[in-house]
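For reference, the structure discussed in these notes is given below.
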4 protein chains.
Amino acid sequence: MSQNSPLDLRVRRTRKLLRDALVALIAEHGYEAVRISDVCDRAMINRATFYRHFADKGHLLVHCMDDVFEDLQQRINPPPRRAEEIDLSAGYQNIVTLFTHVSEHAAFYRVMLGEAGAGAFRSRIQQILERVLEQRWEQARHAHRHPPRLAPALTLRYQTTAMIGLIQWWVEQGCAETPLAMAQAALDLMLHGVGWAFGLDEALIAANITV
Amino acid sequence: MSQNSPLDLRVRRTRKLLRDALVALIAEHGYEAVRISDVCDRAMINRATFYRHFADKGHLLVHCMDDVFEDLQQRINPPPRRAEEIDLSAGYQNIVTLFTHVSEHAAFYRVMLGEAGAGAFRSRIQQILERVLEQRWEQARHAHRHPPRLAPALTLRYQTTAMIGLIQWWVEQGCAETPLAMAQAALDLMLHGVGWAFGLDEALIAANITV
Amino acid sequence: MSQNSPLDLRVRRTRKLLRDALVALIAEHGYEAVRISDVCDRAMINRATFYRHFADKGHLLVHCMDDVFEDLQQRINPPPRRAEEIDLSAGYQNIVTLFTHVSEHAAFYRVMLGEAGAGAFRSRIQQILERVLEQRWEQARHAHRHPPRLAPALTLRYQTTAMIGLIQWWVEQGCAETPLAMAQAALDLMLHGVGWAFGLDEALIAANITV
Amino acid sequence: MSQNSPLDLRVRRTRKLLRDALVALIAEHGYEAVRISDVCDRAMINRATFYRHFADKGHLLVHCMDDVFEDLQQRINPPPRRAEEIDLSAGYQNIVTLFTHVSEHAAFYRVMLGEAGAGAFRSRIQQILERVLEQRWEQARHAHRHPPRLAPALTLRYQTTAMIGLIQWWVEQGCAETPLAMAQAALDLMLHGVGWAFGLDEALIAANITV
DNA sequence: ACGTAAGCGAGACGGTACGTCGCGTCTTACC
DNA sequence: GGTAAGACGCGACGTACCGTCTCGCTTACGT
């Protein structure tokens, strides 16, 4: 039997060691501060070998992100096949899944979304969330009574960056709340707005719409 | 005493040249890609002189950010002196001011919030917004009928990161909308939520609250 | 014994390919510039296979030199069996043989004696010539009227390096002269000196001996 | 007073340290075996600084050779201004000067002419000697009774390489003989030939000319 | 002739040196 | 006294070549 695995065992081992070392070091010192030689030392991989696999630190980072996001995509992506179930519970499920996934990579998310993280990470997860949210919105379109009240692109950006903010806050707190609680909070904020969350009186809110 | 007199003209000139050069170069190549020697070349300042004023690139960046945020703080910070005017119009005014300020530094915001920007910038503006929003929320507290429905820290983070997302989206579009339109959109999203913006039926929203 | 049986066909083939490749590449780029991987590419031999046969580039070079010098030794070495024939014609014959041999490996000699050649080659051929010349001198000793007028070691070195100089000059010229002409010139220089070759007057030479 | 010296003191110091280190290390390990980092370590110069002065090892070597050969050229070059003194004593003086110079750089010559030396050195000194000898031969031309009996280029090469052989032999012996003795031997070999030095009978030599 | 031990191709890997780049410090000379 | 010019130590970078090491395949040799 010839091994039909795509890559030599040694190759996979080397890449995994490098990935793990990078993640650990970013968590310790931040992305920019990590030197390729540090990664190699930690991974116990020769520096020349690093360059046989990745052109530079950024490529290894992408490799790491692929690792994380692949997991996320596989759990979130499958959209509801039966278009009739337009309730938001599927969306809620997705949000729960998202927070669960985050909690499983909490350390990575904490540092990557932090000040010392890599901008590429934030923009990539933002795109992923945007794509997912847009898809769901497209599928739910016929259930709407009204046309969109604001430019969808704007709304999408608002919601996705806000979600990332929630995630960042949560992992900074050490994931104190359960993923379900976070998902519920996210859904509430999405549906009722920040004013509601702050406890503003509905009448006050309604009154100020016209301002 | 000459100590507290405004700095030597040459010093101020040098620092301004360096600031301008850094901003221009970040806009062209991104923060990390900018070399101190590039900044000096652009500013036509000797590299040794740079080090007489700033310890490193980060310190110059802080200097630049101070320049921008000082402007913002001065326009936004003054809280409503008369606590009785608890209408949201003051908040709305603040938001207009914010977007106006952003439009005046659009290039800077675009690159600094982008993938190639500096993480420090994003986190700093986030803190500023959080502080302002928190202040306003504290002042408006007695006007609320209800206690906060979600943890205020969470809500704050949600709203401020969402605002930054809006800003980023806006400057990426070239500030096509007016600051007033953006402020109105921001306020609407804040008060009515994303579901409303997407045009979801209120009944549907209400129904799913219980999910 | 299988040990001294001629080597496996594959082994001989591999070594020959490597030898030829090295010689060709030295001729093209000089000894130091040749990389082992270049040799392997040219020879269409895997690099790992190279190391199964030679420890490094130097060992392959020695292998190549053995190839060349073995030919030379076999043609020059057999000293005059009958000690009575002490005429110089046998020495002359040897010199003719030497230049003939050189002409048959002209390309190799040209590059190996040139600036980009291997020092080991020059010193090895120098030793060979020195051994041959010393042998002949020992055999011709009883025909001398006089004891050596200069330290034999010095004279030997003078003559052998001069011969190598002649060879180098000749191959650099593309072996324009016949081997016989070169041998005659070498013998003339050996017997009559450089002054004579330049056409200096004998009286002048004699006069200046005392200087 | 502005210093009219061509180079900053630090620059000259750095280059001298590197030169000395290279010479010492070549003497110890041979040219090819010397690593640039070795040179820098020995010279207590940072490796990056090396590259600010020399593109590679070869350029530093040339710098070293210039140092040595400049000395030689200045002592040997000035040709006899008064063309009437065509005796060979001036040539003899030159040869004495050459050997004296060599004895002052004996270690350098020993290793550079040895197997581990640099081919460039040998070929460069060969060219220098050739140029000097050719000059003298041109100036002495009208004193000759006869036209050259062999191609001057060939004779030049013979003599210069032989001289280098003598030099190499001498420094290998630790310069046991005096420079004067070596110069006399060189002149004798030049004027009377190798056969004479070996003590061959003149009649024998004469008889074999016709061979 | 044919099974087997060898020679061999492929290529990952650890290592060492290379030449380059940018940083931050320092000295020197100028104005 | 501030500045220009630039040498210097430092350390990371990305590249190149070396020599070693599996792991299978195939090929010449010995019985």
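Odds and ends about this structure:
- Hits in the stretch B:71-121 (condition: among the polar types (S, T, N, Q), at pLDDT below 90 and under 30 Å from A:Phe121 (Cα atoms)): B:Gln73
- On inspection, C:Asp8 fails the criterion of being within 11 Å of DNA strand E (Cβ to nearest atom), at pLDDT 95 or above and of a type in the set (Asp, Glu).
- Screening the stretch C:13-81 for helices (runs of 4 or more DSSP H) wholly inside it with 2 or more residues that are near DNA strand F (Cβ under 10 Å from one of its atoms), within 14 Å of chain D (Cβ to nearest Cβ) and of a type outside the set (Phe, Trp, Tyr) returns the ranges C:57-76.
- Residues that are farther than 22 Å from A:Arg136 by Cα and of a type in the set (D, E, K, R) number at least 3 in the following helices (runs of 4 or more DSSP H) confined to the stretch B:117-202: B:119-139.
- The lone criterion from (1) modelled with pLDDT of 95 or more; (2) under 30 Å from C:Gln159 (Cβ atoms); (3) among the small types (Gly, Ala, Ser) left unmet by C:Ala43 is number (2).
- For the stretch D:98-147, a residue qualifies if it is among the basic types (Lys, Arg), farther than 14 Å from D:Thr160 by Cβ and either away from chain C (no Cβ under 11 Å) or in contact with a Gly (Cβ under 6 Å, 6 or more places away or on another chain) (or both), and exactly one does: D:Arg110.
- Count of residues meeting criterion [of a type in the set (A, V, I, L, M) and under 21 Å from the mean Cα position of the chain (by Cα)] in the stretch C:47-65: 4
- Residue tally, condition facing another protein chain (nearest Cβ under 9 Å) and free of Cβ contacts under 8 Å to residues at least 40 places away in the same chain, over the stretch A:163-183: 5
- For A:Thr160: the one exception among (1) more than 13 Å from B:Val194 (Cβ to Cβ); (2) at pLDDT 90 or above; (3) of a type in the set (S, T, N, Q): (1)
- Tally of residues being within 16 Å of B:Gly114 (Cβ to Cβ), within 11 Å of DNA strand E (Cβ to nearest atom) and of a type in the set (A, V, I, L, M) across the stretch B:26-40: 2
- Residue in the stretch C:57-70 that is modelled with pLDDT of 90 or more, more than 16 Å from DNA strand E (Cβ to nearest atom) and among the basic types (Lys, Arg) present: no
- Meets criteria (loosely packed, with under 13 Cβ neighbours inside 10 Å and of a type in the set (Lys, Arg)) for C:Arg12: yes
The values are calculated or read from the model by the stated rules, or taken from the named source; none is laboratory data. Only a predicted model underlies this, so the values are computations on that prediction, with no experimental measurement involved. Note that we place each Cβ from the backbone using ideal geometry, even for glycine, and neighbour counts take in every protein chain shown.
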